[in-house]
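The values are calculated or read from the model by the stated rules, or taken from the named source; none is laboratory data. Small disclaimer: the values here were computed from a predicted structure and weren't measured. So basically every Cβ, Gly included, is an ideal-geometry build from the backbone, and we count neighbours across all protein chains shown.
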Amino acid sequence: MIRWLPRSIAARLGLAIVVLHIGLALAAPLLAPYSPVRNDAGHALLGPSWSYWAGTDQYGRDVLSRVLYGGRYALAVSFAATFCTVVIGTVIGALAAFRGGWPDNVAMRVLDAVLSVPPILALLVIVTVFGTGAGVIVLAVTVVYAPAVVRVVRAAAQGVVTADYVTAARARGERTCPILAREVLPNILDVVFVEFAMRASWVVLLISSLSFLGFGVNPPAPDWGLMVAENRTAITVVPWGSLAPILALATLVVGLNVAADGLSKAWGVDRIRTGAP
Amino acid sequence: MNQGEPLVEVRDLSVAYRAGDSDIEVVREVSLRVAAGETLALVGESGSGKSTIATALLGHLRHGSRRTAGSVRVAGQDVFGLAPLALRALRRGTVAMVAQNAGAALTPSMRIGRQVDEALRTVTHTRDTRVRRRRIVELLDHVRLPEPRRLVDRYPHELSGGQQQRVAIAMAIAAQPRVLVLDEPTTGLDVITQRGILDLLAALADELDLATVLVSHDFGVVAAMADRVHVLRAGRTVETAPAARLFADPAQPYTRELLASVPRLSDEPRPSVPAAAPVVTCEHVRAGYGGRPVVDDVSLELRRGEVLALVGESGSGKSTLAAALAGLRTPSGGVLRYLGEPGGDLAVPAGKRPLDLRRRVALVFQNADTALNPRRSVRDAVRRPLTLFGIGPRAERAARTTQLLRDVALDPALQERLPAQLSGGQRQRVGIARALAGEPDVIIADEITTALDVSVQAQVLDLLDELRRERRLACLFISHDLAVVRGIADRILVLYQGKVVEQGSTRAVFAGPNHPYTRALISAALEPDPGAGAAAESAPRWEHDDRDDEWIDTGAGHLIRRWREERR
């Protein structure tokens, strides 16, 4: 199937960054020197020092600790949202490619309509109506980004559904589900994985934007987007209060992008080398 | 024939590619020479290095491979020593290539005229579009395309496969090359079209005094075209000899073996199986795309234990009929019935057939490379029908899978492999094993040997013959290769534009008298014998004659559709 860890340096570097982020978020309680939410008026607005590596914010909370914890929400919600987006997009895309004809056409036109709405606008509308719970945000992101996944997966699956092994399965009278699961999916899995990494970087940004705008976690819970919003007024006094979460977010997004790029190249080249369709 | 200075001279050429940490040699110390006006054929099975040598004449090697020794000189120039600019000049003006699948080589969104113009512009510098257009029309006329003036404004998809190949040839000769490299120029075309293309290529090589290098695995094509033949095996030269001598008296055992496995029209048909009860019957079947009928009022009966061959050029409807039987297309009219136990209607899609009926009809595909899921092991492929159709107790399925692989003469140790790790012949055997897994009564074999080398083709045909005798399988064998059909079929059904024009026992059809279309098919078939080349007789132009009785019965079930010479 997929040769895990392709030789591409870009893919390895990107994956390493992402894994590092996940590791830091998981190990935050062990690594963080202070509580991320405890106020300490006596140490407010400090610059970087040996005791506060990234300084403190206006309530005297340690920025480093908040950055370490702050990735948890963004990563968890982004992962859940990307997972739902890619799963639903893959199912619809593969189904549309396999069925073809008018169901395919109708599905595509509906998706075109959804795609024409700007994501952040659609998200704001959904969040305003249904609230800012994590579940709602996951659902909203799925609705907004699934159409793009559908397109990519459908295009990849269209090359597979005409292959003789799919025809053979149809001639055996197999049902749609086993055909998609056994014959089509294994052959587009690399596309799906790349799409996952690609989409994740968008979703991380989108969810952080929502937090920044105030739709997401509630203060004082630590979150990158929220931290940028809270500390931007004090940016001239303690630049690290905003810079640290921005840096964290940027490295994560770059890591995801580099990974997606490296994976797609590595697998694409592999496909050509092995002569697989 | 001009036997002067050779235009092409390959000396001790070795090519290798890197796989992991070792070099794999694909061409080893091959030397050859081709003079102007001469045609040299490179023959050998897949993996023999013939295409590598052919593309090396253009200074091209596949990605990852490199020349380890030797030289290639074309028109006095060492192609691997040339600077990129000079190499481009060589490819532009001196050496031209026609590849296997011209339909894929033409740009789909560009009109024919502009594509030929692109090739032309590299050599003529005139900016006068009218002059160039005249030259394009001349070129298209030169490759015997009908109505060249209208053709320049067509798109590639509006042309037939043979016409696309002719356009590719026109582009190749636009630059007035001195060397022509033909890589399987007619593979994938049906016999009649193939004959036309080969005649054209032979005529062009003569007119333009070209040094031609022909790559082919088809000994019929080689016999029709080549002056000399260079036999390759695993990258090494086996022998090289004038065509007449090679076919009459091959010096090497390998060549003899290869030639012996080529099916010939003159072969004795296999002893046919006595007629039995029919298992499948089709009556007045129609099927088509949009409003256009592709299968038009076809009736046939397939009997237990017999091989019925469906013969015809591409577009004659033979694959469409097979798809209808397999439940992949719904016919628009007529009756298709399975008559064995439990009986049933075959005019419904496979998914709607009862489970017990579904497994009675199995399909084997033309191209085993694409017929197996590249991500699934051999065991998965063969086992799936067993699970799906619930054949045998669960515990026995592993043993049954092993047995099926043995039945098709495959080593059961291969069952962990993926299709990419098998040879073409092995893949086709897996395809047959998968078809047999459902214990079918009827096998539909759609051009199953077209993509295989001759020696492998012979083995697969033997296997099919053995299986149908042992298991009393009825087999619908679809092919455009009459020599293969003669070797395996008991009865033949000739289709032309969706209609049956002739049917009868193999012996009767080959003995004649025939419908003019069958005559044309038989005479277009290429024999692996350089002497037999020019025997193509011109069939009269004909049309269906619908007066009173449709069929002429010559006895013993040999029926010929009534026809008359076309009135103009």
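A few remarks follow.
- Taken over the stretch A:224-254, the criterion of being surrounded by fewer than 23 Cβ atoms within 10 Å (Cβ to Cβ) and among the small types (Gly, Ala, Ser) is satisfied by A:229, A:234, A:242, A:248, A:250.
Let's see how each residue does on (1) in contact with a Leu (Cβ under 6 Å, 6 or more places away or on another chain); (2) within 30 Å of residue B:308 (Cβ to Cβ); (3) part of a loop (DSSP other than H, G, I, E, B); (4) acidic (Asp, Glu):
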{"position": "B:229", "(1), (2), (3), (4)": "yes, no, no, no"}
{"position": "B:239", "(1), (2), (3), (4)": "no, no, no, yes"}
{"position": "B:256", "(1), (2), (3), (4)": "no, no, no, no"}
{"position": "B:265", "(1), (2), (3), (4)": "no, yes, yes, no"}
{"position": "B:269", "(1), (2), (3), (4)": "no, yes, yes, no"}
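- Within the stretch A:30-37, one or more residues are more than 20 Å from residue A:257 (Cα to Cα) and among the small types (Gly, Ala, Ser).
- Criterion (out of contact with any strand residue (DSSP E or B) (no Cβ under 7 Å at 6 or more places or on another chain), more than 25 Å from residue B:206 (Cα to Cα) and not aromatic (Phe, Trp, Tyr)) met by exactly one of B:129, B:122: B:129
- Test: residue in the stretch B:389-406 that is within 14 Å of another protein chain (Cβ to nearest Cβ) and not aromatic (Phe, Trp, Tyr): yes
- Of all residues making up the stretch B:346-371, the number that are out of contact with any strand residue (DSSP E or B) (no Cβ under 6 Å at 6 or more places or on another chain), more than 9 Å from every other protein chain (Cβ to nearest Cβ) and closer than 19 Å to residue B:320 by Cβ: 1
- The listed residue being under 15 Å from residue B:442 (Cβ atoms), modelled with pLDDT of 90 or more and outside any strand (DSSP E or B), out of B:342, B:385: B:385
- Residue list for the stretch B:351-368, restricted to those being surrounded by fewer than 20 Cβ atoms within 10 Å (Cβ to Cβ) and part of a helix (DSSP H, G or I): B:351, B:352, B:355, B:356
- The set of residues in the stretch B:469-492 being under 10 Å from residue B:309 (Cβ atoms) and either in a strand (DSSP E or B) or of a type in the set (Val, Ile, Thr) (or both) consists of B:475, B:476, B:477, B:478, B:479, B:484, B:485, B:488, B:491, B:492.
- Among residues of the stretch A:15-29 that are under 17 Å from residue A:261 (Cβ atoms), those with a beta-carbon under 7 Å from a residue that is of a type in the set (S, T, N, Q) and surrounded by 13 or more Cβ atoms within 10 Å (Cβ to Cβ) at least six positions away or on a different chain give the pairs A:17/A:251.
- The selection criterion, being of a type in the set (A, V, I, L, M), without any contact (Cβ under 8 Å) to a residue 40 or more places away in the chain, touching a strand residue (DSSP E or B) at 6+ places or on another chain (Cβ under 9 Å) and surrounded by fewer than 17 Cβ atoms within 10 Å (Cβ to Cβ), does not hold for residue B:260.
- Residues in the stretch B:67-89 that are part of a helix (DSSP H, G or I) and crowded, with 20+ Cβ neighbours inside 10 Å: B:79 only.
- Residue within the stretch A:36-50 that is under 21 Å from the mean Cα position of the chain (by Cα) and touching a residue at least 40 places away in the same chain (Cβ under 8 Å) present: no
Let's see how each residue does on (1) of a type in the set (Gly, Ala, Ser); (2) buried (at least 23 other Cβ atoms within 10 Å of the Cβ); (3) without any contact (Cβ under 8 Å) to a residue 40 or more places away in the chain:
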{"position": "A:170", "(1), (2), (3)": "no, no, yes"}
{"position": "A:177", "(1), (2), (3)": "no, no, yes"}
{"position": "A:181", "(1), (2), (3)": "yes, no, yes"}
{"position": "A:185", "(1), (2), (3)": "no, no, no"}
{"position": "A:201", "(1), (2), (3)": "yes, no, no"}
{"position": "A:205", "(1), (2), (3)": "no, no, no"}
{"position": "A:209", "(1), (2), (3)": "yes, no, no"}
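- Every residue from the stretch B:436-468 that is within 14 Å of chain A (Cβ to nearest Cβ) and part of a helix (DSSP H, G or I): B:436, B:437
- The stretch B:420-435: number of residues that are over 15 Å from residue B:46 (Cβ atoms), within 13 Å of chain A (Cβ to nearest Cβ) and either out of contact with any Phe, Trp or Tyr (no Cβ under 7 Å at 6 or more places or on another chain) or at pLDDT below 90 (or both): 6
- Residues that are within 14 Å of chain B (Cβ to nearest Cβ) and aromatic (Phe, Trp, Tyr), drawn from the stretch A:133-168: A:165
- Only one of the numbered conditions (1) surrounded by 20 or more Cβ atoms within 10 Å (Cβ to Cβ); (2) more than 7 Å from chain A (Cβ to nearest Cβ); (3) touching an Asp or Glu at 6+ places or on another chain (Cβ under 7 Å) is violated by residue B:384, and that is (3).
- Checking each residue in the stretch B:205-227 for being surrounded by 19 or more Cβ atoms within 10 Å (Cβ to Cβ), in a helix (DSSP H, G or I) and not aromatic (Phe, Trp, Tyr) picks out B:205, B:220, B:221, B:222, B:223, B:224, B:225.
- Scanning the stretch B:119-130 for residues that are in contact (Cβ under 8 Å) with a residue 40 or more places away in the chain and part of a helix (DSSP H, G or I), we see that the one that is farthest from residue B:160 (Cα to Cα) is B:120.
- Within the stretch B:302-339, the set of residues being assigned to a strand (DSSP E or B) and touching a Ser or Thr at 6+ places or on another chain (Cβ under 9 Å) comprises B:302, B:307, B:309, B:310, B:311, B:334, B:335, B:336, B:337, B:338.
- Total residues in the stretch B:139-157, condition in a helix (DSSP H, G or I) and either basic (Lys, Arg) or loosely packed, with under 13 Cβ neighbours inside 10 Å (or both): 3
Every residue, every condition in (1) within 19 Å of residue B:369 (Cα to Cα); (2) modelled with pLDDT under 90; (3) in contact with a strand residue (DSSP E or B) (Cβ under 7 Å, 6 or more places away or on another chain), yes or no:
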site: A:154; (1), (2), (3): no, no, no
site: A:159; (1), (2), (3): yes, yes, no
site: A:165; (1), (2), (3): yes, no, no
site: A:177; (1), (2), (3): no, no, no
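- If you check B:123, B:131 for being in contact with a Gly (Cβ under 8 Å, 6 or more places away or on another chain) and exposed (fewer than 14 other Cβ atoms within 10 Å of the Cβ), only one passes: B:123.
- Within the stretch A:32-90, the set of residues being over 22 Å from residue A:214 (Cα atoms), of a type in the set (S, T, N, Q) and in a helix (DSSP H, G or I) comprises A:85, A:90.
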